[in-house]
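**Q** Sharing a structure with you now.
The values are calculated or read from the model by the stated rules, or taken from the named source; none is laboratory data. Please read these numbers as outputs of a predicted model, since none were measured by experiment. Because the Cβ atoms are built from the backbone with ideal geometry, glycine has one as well, and the counts that use them run over all protein chains shown. The area values use the complete protein model at the heavy-atom level, side chains included, leaving out ligands, DNA and RNA. Shrake-Rupley method; radii C 1.70, N 1.55, O 1.52, S 1.80 Å.
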Amino acid sequence: MNLPFTKHTLANGLDVLLHEDHACPIVAVNLWYHVGSKNERPGHTGFAHLFEHLMFEGSKHHDRGFFQPLQGAGATLNGSTNADRTNYWEVVPTGALELALWMESDRMGYLLPALTEAKFSNQRDVVLNERRQNYENRPYGLAPMALLAALFPPDHPYHWTTIGEIADLQAVRLDEVHAFFRRYYHPGNASIALAGDIDSARALALVEDHFGDIERGPDIDPVRVDASLAGEVRIRFEDRVELPRLYLTWLTPAMFAEGDADLDLATDLLANGKTSRLYRRLVFDERLATDVSASQNSREMAGYAQVTATAAPGHTLGELERAILEEIARLAAEGPTPAEIERGRVQAESQFVFRLQTVGGFGGKSDQLNAYNVFMGDPAYFDRDLERYQVVTAESLRQSVAHYFDPGRRVTLSIVPRDRTMLAAPDSEPAVVS
C-alpha cells in the first residue's frame, strides 16, 4: 500500500502532492478546500454547497462555463461538497494538464470579480431546485434532515445538511457570499494532488507558475465541537410513500478515531449483503422487511451509525425495531464469529484497493492522497489506515458495539405513509422537518 509521492508546500501555503503513474497518458488534477457545511453557522447554512455550483460559472479571465474548454480537450470533471470538505477534480489527457491548472487557479484567485448578482441568483435557484428534487420530493428524502437535527443540537455544525436550509438560502446576500469565499477558498486552506502521467519537477513548476502568486488568505481555526445524546429520541413523520421505513441512529467516533474501524466492520456484518445477520433474519427468514442496510458514517468531528429497514406489507416498524435491537444486543454480548471478522477484513481491504485502481475522479489515488493530507496532515497514511481494520479483534468489535449502540441513547425515526401513523415505532413524537 505504499504509494510513491512527493509533497511540497508553496510559500502561500498551498500543499502540492505529486504521484507519477505512466500507465496511461492521463493526469488527475484533484483540489480540496478544507471547508464544508460544518464551517457555516445557524441562519447562514448552505454556503459551501452553493460555492460548489458558483465555481463552475466562470472567473475573471474565463467568464464563461467551466466545463466546455476542458471537455473539449477530452477531460472528465466534477466536484462535490460534504460536511467537512469541498473537492474539485479533472482527469485530462497529459497535454491538457496546464489548461486544467490554469482554470483551477483562475477560479481560486479570481472568482469574485466575475461573481455577479445575476449568477448568484441563478445558482441559488438551481440549489433550491436541487433541494426540492433530492430531499423534499423524493420518497423518504427528508430523513437525513430529521436525523441530523435530532442527533445534534441546533448550534452544532452537523445539525443541518450540506444543502442548507431554505430560509437561509433565500435570505443570503451577495456580500455574505463574497466574505465566505475570501475566508475559505484560498491556498492556505487548500491541497492539490496531481497523479498520473507527469514529470514531478515540471508539474511542480507548473503549479508554482499558476498558483504561486495567489494570496494565502486568513488562517482557519479548526472546528472542534463535542456531541452527545442524553437519552433516546423517538420521532416520526408522514410521507408520500407506500411502505413504512425505520431508521435507528447512534453517535459514534470521528473518522480515524478509536472504534471507527470496529464499527465499519460491525455495520457490514450486520447488514451488508445477503449473508449478513439482519438481512438473513429480517428479509429472508422472518420476512419482516423488504430491505435492510447499515453504515458507519465517519466525519471529522463525530460520526453516526445508522440501521435502515423498510417494513414488508403487513408488518409494523415496531416489529422491525424489536428484531434489530435483538440482533445488535446479541452481537454486543457474544461478539462476531471468526468467519465474520475475516470476511470483514477482506472486504475492507478489497474496497481499499478498489479505490486506488484509478488516478482520479471521486476516489482514486489523487483523491485519497488529498483526503489523508487534509484530515490527517499526512498523505502517506495508507498503511496505517488499512492497519486499523487488520487489528480489529472479535473482542474490540464487541466492546465497540456494546459501548456505542446503547439502546438508551439513540434516535429512532419512523417514516410512514400518509394517515397511517399506527405503523410507526411505539411512542414516537411528530418530527418537525422542512
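**Q** Of the numbered conditions (1) under 20 Å from GLY273 (Cα atoms); (2) without any contact (Cβ under 8 Å) to a residue 40 or more places away in the chain, GLY377 satisfies every one except a single condition; which is it?
**A** (1)
**Q** Another question about this same structure. Quickly run through the stretch 223-269 and pick out the residues that are of a type in the set (S, T, N, Q) and either closer than 30 Å to ALA339 by Cα or open to solvent by less than 10 Å² (accessible area, probe 1.4 Å) (or both).
**A** Listed by number, the residues that qualify are THR249, THR252, THR267.
**Q** If you don't mind, another one. It is to be established whether one or more residues within the stretch 400-420 are at pLDDT below 95, open to solvent by less than 40 Å² (accessible area, probe 1.4 Å) and hydrophobic (A, V, I, L, M, F, W, C).
**A** no
**Q** If you don't mind, there's one more thing I want to ask. Name the one entry in GLU130, GLU57 that is of a type outside the set (A, V, I, L, M) and either under 24 Å from GLY364 (Cβ atoms) or not in a helix (DSSP H, G or I) (or both).
**A** Values: GLU130 fails: either under 24 Å from GLY364 (Cβ atoms) or not in a helix (DSSP H, G or I) (or both).
Residue meeting the stated conditions: GLU57.
**Q** Across the stretch 89-115, which residue is farthest from ARG216 (Cα to Cα) among those that are in a loop (DSSP other than H, G, I, E, B) and touching a strand residue (DSSP E or B) at 6+ places or on another chain (Cβ under 7 Å)? First the steps, then the outcome.
**A** Within the stretch 89-115, the first condition is being in a loop (DSSP other than H, G, I, E, B), and the residues that meet it are 110-111, 115.
From what's left, touching a strand residue (DSSP E or B) at 6+ places or on another chain (Cβ under 7 Å): 110-111.
Details: TYR110: 13, LEU111: 15 Å.
The residue in question is LEU111.
**Q** Condition check: small (Gly, Ala, Ser), open to solvent by 60 Å² or more (accessible area, probe 1.4 Å), under 29 Å from PRO407 (Cα atoms) and not in a loop (DSSP other than H, G, I, E, B). Does ALA333 satisfy that?
**A** Working: small (Gly, Ala, Ser): yes; open to solvent by 60 Å² or more (accessible area, probe 1.4 Å): yes; under 29 Å from PRO407 (Cα atoms): yes; not in a loop (DSSP other than H, G, I, E, B): yes.
So ALA333 fits the description; yes.
**Q** Given the conditions (1) at pLDDT 95 or above; (2) not in a strand (DSSP E or B), and given that ASP226 satisfies all but one, which numbered condition is not satisfied?
**A** (1)
**Q** Scanning the stretch 69-86 for residues that are aliphatic (A, V, I, L, M) and more than 21 Å from the chain's Cα centre (by Cα), which turns out farthest from PRO157 (Cα to Cα)?
**A** Step one: filter the stretch 69-86 for residues aliphatic (A, V, I, L, M), giving 70, 73, 75, 77, 83.
Narrowing the set further to residues that are more than 21 Å from the chain's Cα centre (by Cα) leaves 70, 73, 75.
Details: LEU70: 35, ALA73: 40, ALA75: 35 Å.
Looking at residues that are aliphatic (A, V, I, L, M) and more than 21 Å from the chain's Cα centre (by Cα), I get ALA73.
Matching residues to (1) surrounded by fewer than 18 Cβ atoms within 10 Å (Cβ to Cβ); (2) more than 22 Å from the chain's Cα centre (by Cα):
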residue: ALA271; (1), (2): no, no
residue: SER276; (1), (2): no, yes
residue: ARG281; (1), (2): no, yes
residue: ARG287; (1), (2): yes, yes
residue: VAL292; (1), (2): no, no
residue: GLU300; (1), (2): no, no
residue: ALA305; (1), (2): no, no
residue: THR308; (1), (2): no, no
residue: ALA311; (1), (2): no, yes
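**Q** Condition check: open to solvent by 30 Å² or more (accessible area, probe 1.4 Å) and touching a strand residue (DSSP E or B) at 6+ places or on another chain (Cβ under 6 Å). Does THR76 satisfy that?
**A** Considered against the rule, which asks whether it is open to solvent by 30 Å² or more (accessible area, probe 1.4 Å) and touching a strand residue (DSSP E or B) at 6+ places or on another chain (Cβ under 6 Å), THR76 comes out as yes.
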